[in-house]
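One structure is given below, encoded as structure tokens.
The values are calculated or read from the model by the stated rules, or taken from the named source; none is laboratory data. Note that the structure is a prediction, hence the values are computed from the model and not measured. When we count neighbours, we look across all protein chains shown, and the Cβ atoms used for this are built from the backbone with ideal geometry, even at glycine. These area figures cover heavy atoms from the full protein model, side chains too; ligands, DNA and RNA do not enter into them. Shrake-Rupley method; radii C 1.70, N 1.55, O 1.52, S 1.80 Å.
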Amino acid sequence: MLVTKTIAALATRRIPGSIRFKHTVPDLPYDYNELEPVISAKIMHLHHDKHHATYVAGLNAAEEKLAEAQHRNDLAGQVALQPLINFHGGGHVNHSIFWKNLIGEKNGGGHLHASPLKAAIEEQYGSLDTLSKLVNTKTAGIFGSGWGWITYNPAISGLDVITTANQDMPSTLGHVPLLGVDAWEHAYYLDYNNVKADYFKNIWRVINWKDVAKRYDEAVAHHKK
């Protein structure tokens, strides 16, 4: 249910003559070459236009089948579709966060400005350098594909570092995603080949900390209610 609510919150497009909505790939908030030399325009084209689009297409197809199963009162069919919805829906949600988490160095990428987020990082981890190394270590330890995350964890009322497998979302674990590092090979292989450690190291140069800080402020405010 949490996955469905999160997916439904994304920008969608109404299908003429239908009560359903189709999910769409959000536009990048910058040009494809914005993140160079850390992430090439070629990767951004493939990652955004092909891979993200595949998740969106898969989600829409799965939701069509779910609607049909609900219409037939086919409970077994509905349950069987949940892994597909979770996978493709998670891919859509995670990538929609990822694009906004990034920005070119010339536009402030990598600069953590004074903010409640910066204060929280320094209080809990001592420095951004210590935190980034922790994220990299945990993300490098993912077996197969997945994501590394900085989250807001309501259980501890503070920041946390976690990983999720495949396209699982932090929200399924009760965490609020603030910053995601895509550890799937399609995110880095054309630029870094099999040296993903360099990708993890360099991506911090293009982190949009203003976006991350905004997510942190919203998470703290929401969980204080």
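Say we look at the range 197-225 and pick out the residues that are under 20 Å from Pro29 (Cα atoms) and among the hydrophobic types (A, V, I, L, M, F, W, C); which of these is most open to solvent (accessible area, probe 1.4 Å)?
Among them, the one singled out is Trp204.
Hey, could you check the range 39-62 for residues that are among the polar types (S, T, N, Q) and without any contact (Cβ under 8 Å) to a residue 40 or more places away in the chain and say which is surrounded by the most Cβ atoms within 10 Å (Cβ to Cβ)?
Step one: of the range 39-62, the residues among the polar types (S, T, N, Q) are 40, 54, 60.
Checking the rest, the ones that are also without any contact (Cβ under 8 Å) to a residue 40 or more places away in the chain come to 54, 60.
Details: Thr54: 14, Asn60: 19.
Only one residue tops the list, namely Asn60.
Identify, by number, the condition in (1) in contact with a helix residue (DSSP H, G or I) (Cβ under 9 Å, 6 or more places away or on another chain); (2) modelled with pLDDT of 95 or more; (3) within 30 Å of Asn202 (Cβ to Cβ) that Leu10 doesn't meet.
Just one mismatch for Leu10, condition (2).
Every residue, every condition in (1) among the basic types (Lys, Arg); (2) over 17 Å from Lys201 (Cβ atoms); (3) assigned to a helix (DSSP H, G or I), yes or no:
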residue	(1), (2), (3)
Val93	no, yes, yes
Ile97	no, yes, yes
Gly109	no, no, no
Ala120	no, yes, yes
Lys138	yes, no, yes
Tyr152	no, yes, no
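State yes or no: is His23 under 30 Å from Gly110 (Cα atoms), surrounded by 15 or more Cβ atoms within 10 Å (Cβ to Cβ) and not small (Gly, Ala, Ser)?
No, not satisfied.
Is at least one residue of the range 67-89 part of a helix (DSSP H, G or I), touching an Asp or Glu at 6+ places or on another chain (Cβ under 8 Å), of a type outside the set (A, V, I, L, M) and buried (at least 20 other Cβ atoms within 10 Å of the Cβ)?
yes
If I filter the range 26-42 for residues that are assigned to a helix (DSSP H, G or I) and at pLDDT 95 or above, do I get at least one hit? Quick ask: steps written out before the conclusion?
Looking only at the range 26-42, we keep the residues that are assigned to a helix (DSSP H, G or I), and these are 41-42.
Of the ones still in play, those that are also at pLDDT 95 or above are 41-42.
Yes, the range 26-42 contains a residue that is assigned to a helix (DSSP H, G or I) and at pLDDT 95 or above.
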